[in-house]
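A quick write-up on the structure given underneath.
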Amino acid sequence: MADRVTVIGWDGSALTAPARAALGAATLVAGAAHHLALPEVPPHAERIRLGSVALAARRIAQHRGTAVVLADGDPGFFGVVRTLRAPEHGLEVEVVPAVSSVAAAFARAGMPWDDAQIVVAHSRDLRRAVNVCRAHTKVAVLTSPGAGPAELALLLGGVHRTFVICEELGTDRERVTVLTSDKVADHVWRDPNVVIVIGGSPGGAAAQGTGWIAAHEVGHPIGPRGWGLPDGAYGGALDEGESIQLRTAQLARLGPRVGDLVWDIGTGSGAAAVEAARFGAAVIAVDADPEACERTAAVARRHGVQLQIVRGRAPGILEDLPEPDVVRIGGGGAAVVTACADRRPERIVTHAATRDEAEALGRALADGGYEVECALLQSVDLDTTAWVERERSVVFLLSGYRVPHP
């Protein structure tokens, strides 16, 4: 094992005294081509071009001497330190950090970033980073080849955002460009780059002062405690398909989370869509009724969440929507269930008022390759001043879980 391993962050500025001292004593230096070209790298040191960090870590573990790993920005923030410290390599490291590329990008933009979401985009799972950009008003995206600004903008589709694209930060080729998302795909962008994605509809009262927790909108309340909020939180009486008990059970089975895209078909008042968005998921709310779309937009603003609202009738309107992770179906029958199952989301939930309707929906889910669960939910609303029944509701809850391919 190397006698000493120092990880040095570099942001384009002059190296600090501790960094120069560690580098001057190194017998092995690993880094990208521009790192290995630094004049402070000792001419006698073994040099490793840093491609696979895991391969470099194995070589460093076998080295007898003093090793230095050079990396851009803060190597402890989505950087090489995590891989180097993995148990299989057994390396203990000292870290000399620099300004992270995210911090540098926000500095170039002149913006605070304690209220920003930060994601890493890879071509294999770019859609999850895109979904975070759909769901939040300020996101920093650490891009990679094949998952850069153009690909990000194309997947956002009709969701309008402003991109601040910071290319080759800390070098003499540094460039910062501000464009609306519909123009980004028309350009070729240099790697490495960081994209700040901003925009969306602010909700709640105007921000005052500062927040207390990172990655939440500054001055924005996190919202009412709990979920399955009462009807009054959504403007008054809701229909049976949006009752607290049914909505809570549906959300529990869907399990929306950050990085997911939720379809809420037949959104009604928008109660389920808003609650899914409060979990951090991106949500597309679909309804054929223009008044329902207006109500949904209003409650989204009231609760400070980002929803994409699409007016149209399912299943036809669903054809051009991006791929969902989970789907709630508030109405439309077996034809809508079949159309959703064809898109292969992980989970689908819907409901029925009668057993015959429940059986038809269950068959559509099963035919689509889903394991089906059905529960009969009965709830009784009591008047607690006299402890008498005020309202009774009975509904079939159907949940479809995608069966994995063998």
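The values are calculated or read from the model by the stated rules, or taken from the named source; none is laboratory data. Remember, it's a predicted structure, so these values are computed and weren't measured experimentally. Note: ideal-geometry Cβ built from the backbone for every residue, glycine included; neighbour counts use all protein chains shown. Side chains included, ligands, DNA and RNA excluded: accessible areas come from the protein's heavy atoms. Shrake-Rupley method; radii C 1.70, N 1.55, O 1.52, S 1.80 Å.
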Region 90-118, residues that are in a helix (DSSP H, G or I) and either open to solvent by 40 Å² or more (accessible area, probe 1.4 Å) or under 17 Å from residue 216 (Cα atoms) (or both): 101, 102, 103, 106, 107, 108
Those residues of region 361-393 which are among the β-branched types (Val, Ile, Thr), over 36 Å from the mean Cα position of the chain (by Cα) and in a strand (DSSP E or B), in sequence order: 380, 388
Per-region count, region 80-89, residues assigned to a loop (DSSP other than H, G, I, E, B) and closer than 28 Å to residue 105 by Cα: 1
From 204, 259, 228, residue being assigned to a loop (DSSP other than H, G, I, E, B), small (Gly, Ala, Ser), modelled with pLDDT of 95 or more and at positive phi: 259
Total residues in region 175-201, condition at pLDDT below 95, closer than 20 Å to residue 100 by Cα, touching a Leu at 6+ places or on another chain (Cβ under 9 Å) and surrounded by fewer than 16 Cβ atoms within 10 Å (Cβ to Cβ): 0
Any chance residue 73 is closer than 29 Å to residue 198 by Cβ and surrounded by fewer than 17 Cβ atoms within 10 Å (Cβ to Cβ): no
Where residue 50 falls short, out of the listed (1) under 29 Å from the mean Cα position of the chain (by Cα); (2) open to solvent by 60 Å² or more (accessible area, probe 1.4 Å); (3) of a type outside the set (D, E, K, R): (2)
Residue in region 315-322 that is surrounded by 13 or more Cβ atoms within 10 Å (Cβ to Cβ) and within 19 Å of residue 242 (Cα to Cα) present: no
Candidate set: region 126-152, residues that are open to solvent by 10 Å² or more (accessible area, probe 1.4 Å), small (Gly, Ala, Ser) and more than 15 Å from the chain's Cα centre (by Cα); chosen: the one farthest from residue 109 (Cα to Cα): 146
Cβ-Cβ under 9 Å pairs, at least 6 apart or on other chains, region 275-286 side over 16 Å from residue 248 (Cβ atoms) and at pLDDT below 95, far side in a strand (DSSP E or B) and open to solvent by 10 Å² or more (accessible area, probe 1.4 Å): 280/117
Qualifying positions in region 119-178 - in a loop (DSSP other than H, G, I, E, B) and either under 22 Å from residue 258 (Cβ atoms) or among the aliphatic types (A, V, I, L, M) (or both): 121, 122, 136, 137, 143, 148, 157, 158, 159, 160, 161, 169
Members of region 153-165 found to be farther than 22 Å from residue 324 by Cβ and either open to solvent by 30 Å² or more (accessible area, probe 1.4 Å) or of a type in the set (S, T, N, Q) (or both), listed by number: 162
Neighbours by Cβ (under 6 Å, 6+ apart or cross-chain): first from region 36-52, among the charged types (D, E, K, R); second open to solvent by 30 Å² or more (accessible area, probe 1.4 Å): 40/20
Residue among 67, 17, 30, 37 that is under 26 Å from residue 173 (Cα atoms), touching a helix residue (DSSP H, G or I) at 6+ places or on another chain (Cβ under 9 Å) and either at pLDDT 95 or above or surrounded by fewer than 21 Cβ atoms within 10 Å (Cβ to Cβ) (or both): 30
Number of the exception - residue 158 against (1) in contact with a helix residue (DSSP H, G or I) (Cβ under 8 Å, 6 or more places away or on another chain); (2) within 26 Å of residue 280 (Cα to Cα): (1)
